Each structure stands twice: as structure tokens, then as C-alpha cells.
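Below is one structure, written out as C-alpha cells; comments come after it.
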Amino acid sequence: MVEIVWVCITDYAGREEALWQLLAERERGLVAQQKRPQDRLCRLVSYGVLKLLLAERTGKALNELSIAREDGKKPYLEDSVAEFFSVSHSGEWICYALGGELPVGIDIEAMRPIEELASIVESCFSEEEKKAFASASDQHSYFYTVWCSKEAYLKGIGRGIATDLTAINTEACSIDSWHLHKQWAPPIYRAVLAVPHADPVCHYRLYPTNN
């Protein structure tokens, strides 16, 4: 079962010190690098809640959890039972996909207006996606669904957005055995889960802010 966890970043304003205590030195450094207060809070919540969720799922103490990330690859949990996870944030929300032994990729996007939409479609969409975009009744919504799908897939396989996006055809039934599944999301958001499974069982929850 894949657990999909949503967290509203602003719910944690004023609780920075408690989250700060959960972080390793490397993670604290990454938080401190953020220049804008809202970006620091987002990074702090993202790392802190991830630690809490992984401790909950693995049964390990917080100080036993070590999250590593190789350059250009997705983060992973060191010295632990298999616990695949993926994290995405946009606007006021962070979303975690926790897959256990099943590899996962998640991406969420707040659907904002895009001035150069047609240009992005031309340079980043496959031919099938371009045709579907042209005939879509809501091109804005379709664009974000495709974009989330591409990012979720790349996160799942541990590759960056620098990949040739036109080579990823989200209109196909699967991509190299990976399947794309649209997920529940708050209003004006889109969310897509990528997993190497055609019909995953998903459980959703909002993470409690009173723990």
C-alpha cells in the first residue's frame, strides 16, 4: 500500500524550533541556505515531517534515521529496511508518497497562469501529448497533469528534470513498466503518483499538526 500524506506548510508557522531539533547538520545547512523566510519554513517542514513519518513507519528512533542523497538522485533512507519515499511541494502544500518496498515518485503543482504555455508544450511535450493538449477542453489543467506526470516519473526513477521531456510520453499506458496515477489534491492543485504497478492501493491522510 502506498501512503499519500499531505501537509499544509503554514500550519507549522511558530513551531520551527521543534522541527529544527529533528534535523541533522546537513539538513540544517540546507534550510539555512534559503534566503526567503517562506522558503526556509518550507524546507524545514519538509525535512522535519519526513523524519517523523519515517520514524512512524519503520519503528526507528528519530536519531537513528539518516537520509542521504547522491548528486542528481533521489533521497533514500540509509541503513534501514526498504522504505521508498518521494516528496514534492508547491505553494502552501507538501505531499509525501511512502511506498514501503514499492518505489514511488510524487509531484504536485499549484496551477498558476503560464504566459508561455504554448512554447513550453512545444519544447517539452511528446507528439501525442501535443495532440491531446490541442484538443483538450481545459488546456491549463491538462498541461499541469502532464507536467506532474513527467516529474513524478523522473522522481521515481531518480533522474532530474534536465532529461529530454519529449521522450516521456504520458499518454502511453505505461513508461518502462511505470504507471501514472492522478491523485486527490487540494483546490487549484494537481498531483500525480508514479509507481511500477498498474493498480496500487493508496491511503490518504492529512498529517496531524498537534503531534
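Any read-out appearing in this document is the output of simple, stated calculations on the displayed coordinates, not a laboratory observation. This one's a predicted model, so the numbers in the text were calculated from it and none came from an experiment. Counting neighbours? That spans all protein chains shown, and the Cβs are built from the backbone with ideal geometry, glycine included.
Data table
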read-out: Residue exposure sequence - I168, I106 - by fewest surrounding Cβ within 10 Å; value: I168, I106
read-out: D (Stokes-Einstein, µm²/s), Kirkwood Cα radius, segment 17-65, 0.692 mPa s at 37 °C; value: 298
read-out: Computed helical MRE - 222 nm, the chain, DSSP H runs ≥ 4 contributing -39500 (n - 2.57), nearest 500; value: -10500 deg cm²/dmol
read-out: Of K150/K182; K35/K60; K60/K182, those spanning more than 23 Å from alpha-carbon to alpha-carbon; value: K35/K60; K60/K182
read-out: Magnitude of the charge dipole, segment 83-202, Cβ model with Lys/Arg +1 and Asp/Glu -1, debye to 20; value: 120
read-out: Relative contact order %, the chain, counting alpha carbon pairs below 8 Å whose residues are six or more apart; value: 24
read-out: At least 18 Å along the helix axis (C-alpha) and Kyte average at least -0.5, DSSP helices within the chain; value: 37-58, 139-157
read-out: Calculated on alpha-carbon atoms, Rg and Dmax of segment 79-163 in Å; value: 14.8, 49
read-out: Farthest positive-ward along segment 2-206 dipole, Cα basis, beta-carbon charges - from L117, Q34, A191; value: Q34
read-out: Unit Cα scatterers, Debye sum, the chain: log10 I(q)/I(0) for q = 0.08, 0.09 Å⁻¹; value: -0.28, -0.36
read-out: Hull shadow area, averaged, segment 165-211 [alpha-carbon convex hull, nm²]; value: 5.1
read-out: Antiparallel DSSP beta bridges within the chain, as percent of all bridges there, nearest 5; value: 85
